[in-house]
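Just below is one structure, and these are the notes that go with it.
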Amino acid sequence: MIRGMLLITLALFIDMLQAGISLAIALLAAVPGTAIGAAGGAVAGASLCSYVGLGAISGWCSAIGGFAVGFFATPLNALAVVTEPVGIAVGFAINMCLSICLGAFLLMLMAFFLKKIYVKNLFFGLGEMIPGINNIPFWTAFVVVSLLKKSAEDGTGALSGMAAVATTAMSPGSALGNAAGGIMRAKEKTTEIADRTKAFSSPLMLQPLKGYKQQQDNLGDHLNQEQINPGSTPRESASAQAARNIFNDIRPIRKAAAVLLAFALFGAGVQAAYAQAVDPLRFVITPEIPTPGAQVAIEAQGVGNFLGDATFTWQQDGKTVLTGMGERRLTFTVGNVGAATRIHVTIQSPTNGTIDRDFTLVPSVVHLLWEADTSVPPLYRGKALYSAGSTFRVIALPQVVAGGATITYNNLSFQWSLNGEPAVNQSGKGRSSAAFQGSQLRASENVSVDVYLGAQAVGRASITIPAVDPELSLYIQDPLRGTLYDQAMPATISLLNTEVTLKAEPFYFSNDSIRNGAAAYTWTLNGTPATGPDSARGILTLRQTGNGGGEGRLGVELQNTDPTRFVQAARAALRILFNGTANSNTTSSFGV
């Protein structure tokens, strides 16, 4: 109920504001140089004389007031041909801007309160685009119809009752209905008067002052007769009756005007408070989180040009290190981990007075280590390198000191990013490690982490992990000792025995793909596919079948068939000599 009343109140406010602006512009354009303007001036003059105790000469006062208004307004009335179109255009533009801005805010509130906007009802907004018609309360109608539909859909009567209240409030017999009707009637009258001003000029300029005095005396007699006999209906001129109707119709909206004025004063106060709250200074610290022994720069940047003739005094740990006019930048070196460096700056400006700022910088360091989940032979002393598309893990080792005590990683929050994109699922308090799957289209992966102690950033680090190409090596597999990983097979060997078993060992292939069988081996001997009982596991046995000499070329290829790691592939080749001696530049792994 409260939400609906808020929406209806806002809609009424928008429509009344638009109509009030249109009325004001219409009055300014139509009233001054007309008979109504003259009658209004006469009534104002007579009222003023009566107020100050000169009721005996109120007729002369009314004549002078009417003549003055007519005399000064007639020249302006000649410009109405130019001012009226301009006024209409300006009024329509103002109405359009108000309708769009405030209407958008109204739609946002409706979407928030009702959880739905009835798009079909927005045809009411088309009336806001038509001059003159846009003074009809379209926004109020839109809200009321939407609330009725929402009530019908929800099956509740609260919104329906509230919409009925709004409809009753806008009825012709209500205060708001009278105000809206008064605005529309006043605008119609002023438009009619503006049309008539093109056909005649002010009557005060067409008749003698004496005749006009007699006319005002008659008007005063009618007014006195009405006061003596309220039931009588004196005959008034059309212009005087129109003036009376206009001012009677304006009375119901005086409270609305007071509300609008209050809104305007409130907005001006908020704007003034905001202007006072804006900080004229901005300091840029590079880097924001320094490492031990790093060089740091603090630069003052101001709104306007008041820093050019301001005197800066920089202090580091209580000692003045830099002073002078325009010295807005300080460069210094921080200490070790946990050693706080305190900077104080005083700015004396002829226009902005004295400004003081304090900064405290505590160096910290964050080390990043990474490991890739890729294949290497057992007991391999090297590092498993990262290949494109494989998974890898990064571990952060922070050194953060606060209050003289080292903060453990469990009390720190870690915000991880991969290639500039936040990794929300990997981030959180105490999460000092993060696992990622790399892209097979990137030559390297960049990982960064921001470390926080509460809401304060206390550390930052980044690392770039390059992608290498997978490799494939051949080893001899001995029946008794197993695979001989101490030496890989050279490019050429002499097969002195009748049989040899070779094992192809992958380097830097994704372990997930190998465990899932996505890595497939393919063997060839002299260009012809070769298979064996264990060839799918990368093991092949070769036997010499004849007594003659010769050579053969053995090849093996390993391809990752996982679509996310298709670029992982490697080849190995071996030249085998049978019953012969290898070339002088080759060695045999078998010995004699």
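Just to verify a number: FRET efficiency for ARG342 and ASN305, C-beta to C-beta distance, R0 = 30 Å, to 0.05? Before the final figure, lay out each step's value.
Details: r = 29 Å, r/R0 = 0.98.
My answer for the efficiency is 0.55.
Out of residues 5 or more away from SER387 or on other chains, whose amide H comes under 5 Å of its own, with H placed 1.01 Å from N in the peptide plane?
Counting only residues 5 or more places away or on other chains, the set is VAL468.
Given H placed on each backbone N at 1.01 Å, which residues far from ASP373 in sequence or on other chains put an amide H within less than 5 Å of it?
When sequence neighbours closer than 5 places are left aside, the close amide H contacts are THR391, PHE392, ARG393.
With each label point set 7 Å from Cα along the Cα-Cβ vector, what nm distance links LEU496 and ARG381?
The two pseudo-label positions are separated by 2.8 nm.
Given a Förster distance of 25 Å, report the FRET efficiency between MET108 and VAL424 from their Cβ-Cβ distance, rounded to the nearest 0.05. Walk me through the numbers on the way to the answer.
Working: r = 28 Å, r/R0 = 1.11.
Efficiency, rounded to the nearest 0.05: 0.35.
Using a Förster distance of 56 angstrom, determine the FRET efficiency expected from the C-beta separation of GLN295 and THR561, and round it to 0.05. Provide the component values of the computation, followed by the final result.
Details: r = 52 Å, r/R0 = 0.92.
That gives a FRET efficiency of 0.60.
In sequence order, what are the phi-derived ³J(HN,Hα) couplings for the stretch 460-472 according to the Karplus relation 6.51 cos²θ - 1.76 cosθ + 1.60 with θ = phi - 60°, rounded to whole Hz, with x for glycine and proline?
7, 7, 8, 8, 10, 10, x, 9, 10, 7, x, 10, 9
Taking a label point 7 Å from the Cα of THR522 along the Cα→Cβ vector, which residues of the stretch 478-493 have an amide N closer than 12 Å to it?
none
With a point put 7 Å past each Cα toward its Cβ, work out how far LEU484 is from ARG442 in nm, to one decimal.
Simple spin-label model gives 4.3 nm for this pair.
Points 7 angstrom from Cα along the Cβ direction at ALA530 and ASN410: gap in nanometres?
5.8 nm
Read-outs throughout are calculated quantities, based only on the coordinates presented, and are distinct from any laboratory measurement. Because the structure is a prediction, the values reported are computed rather than measured. All Cβ positions, even for glycine, are placed from backbone atoms using ideal geometry, and neighbour counts span all protein chains on display.
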